[in-house]
Amino acid sequence: MIALDTVKQADFLRVIGRLRIFDDHGFLLSESKNLVVNTGLSAIVNALANSTGVPGILQFALGTGTNAVVATNTTLQTEVFRTPPTNNFALSQNVLESDLYLPTGSANGNVITEAGLFVGTTATNTANSGVMLARVTFANPTSPNPKTSVVALTFQWQITFNAP
């Protein structure tokens with residue numbers, strides 16, 4: 001057996017995510033790296049172990065929080081909108097994509113600056129429910145204004161699994 005202290009960091013699987021936000025004409029408004037948080041890493045391990053209670057990404061949440069993302073996050077700082085993703089699919093062998101189309105009639109009046117993906121059987125339309133997979137903060141895509149009824153946005157979240 002190999003002692004843990006002799007294993008190099010390069011020997012571990014890397015989980016990297018990014019969120020891109022587009023307007024309704026397909027123009028890229030924002031791109032940010034995300035953090036797969038501790039509870040998300042645990043959910044991935046449980047899914048690979050075929051554990052019950054990990055049915056995939058069930059909820060895509062948006063908020064107005066601006067605190068830095070840390071591995072111990074379990075909820076958004078200030079959640080204001082939540083819905084099932086528009087699409088979840090394997091983009092390639094090692095890339096998972098979760099998309100959310102936010103129509104003109106949703107989340108209006110909010111300066112959206114954070115997003116989160118939630119998994120598990122407890123992930124519902126209720127704020128702060130489920131197990132947080134990942135969280136990201138970003139600059140307001142409709143800056144300097146809050147989201148309005150004339151703005152539709154598409155959130156494209158990709159999580160990549162890479163070997164060293």
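The values are calculated or read from the model by the stated rules, or taken from the named source; none is laboratory data. Just so we're clear, the structure is a prediction, and the values are computed from it rather than from any experiment. Because the Cβ atoms are built from the backbone with ideal geometry, glycine has one as well, and the counts that use them run over all protein chains shown.
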Note: among Ala127, Ala49, just one is more than 13 Å from the chain's Cα centre (by Cα) and at pLDDT below 95, namely Ala49
Please go through (1) of a type outside the set (A, V, I, L, M, F, W, C); (2) closer than 19 Å to Val151 by Cα; (3) modelled with pLDDT of 95 or more for Glu79 and return the number of the only condition it doesn't satisfy. (2)
Go through (1) hydrophobic (A, V, I, L, M, F, W, C); (2) in a strand (DSSP E or B); (3) without any contact (Cβ under 8 Å) to a residue 40 or more places away in the chain; (4) in contact with a helix residue (DSSP H, G or I) (Cβ under 7 Å, 6 or more places away or on another chain) one by one and return the number of the condition Ala71 breaks. (2)
Residues in the stretch 148-158: is at least one buried (at least 18 other Cβ atoms within 10 Å of the Cβ), in contact with a Leu (Cβ under 7 Å, 6 or more places away or on another chain) and in a loop (DSSP other than H, G, I, E, B)? no
Would you be able to tell me the number of residues in the stretch 82-99 that are of a type in the set (Gly, Ala, Ser) and modelled with pLDDT under 90? 2
Return the only residue of Gly17, Gly40, Gly63 being surrounded by 17 or more Cβ atoms within 10 Å (Cβ to Cβ), modelled with pLDDT under 95 and closer than 30 Å to Pro144 by Cβ. Gly17
For the stretch 81-103: of the residues being free of Cβ contacts under 8 Å to residues at least 40 places away in the same chain and in a strand (DSSP E or B), which is farthest from Arg14 (Cα to Cα)? Phe81
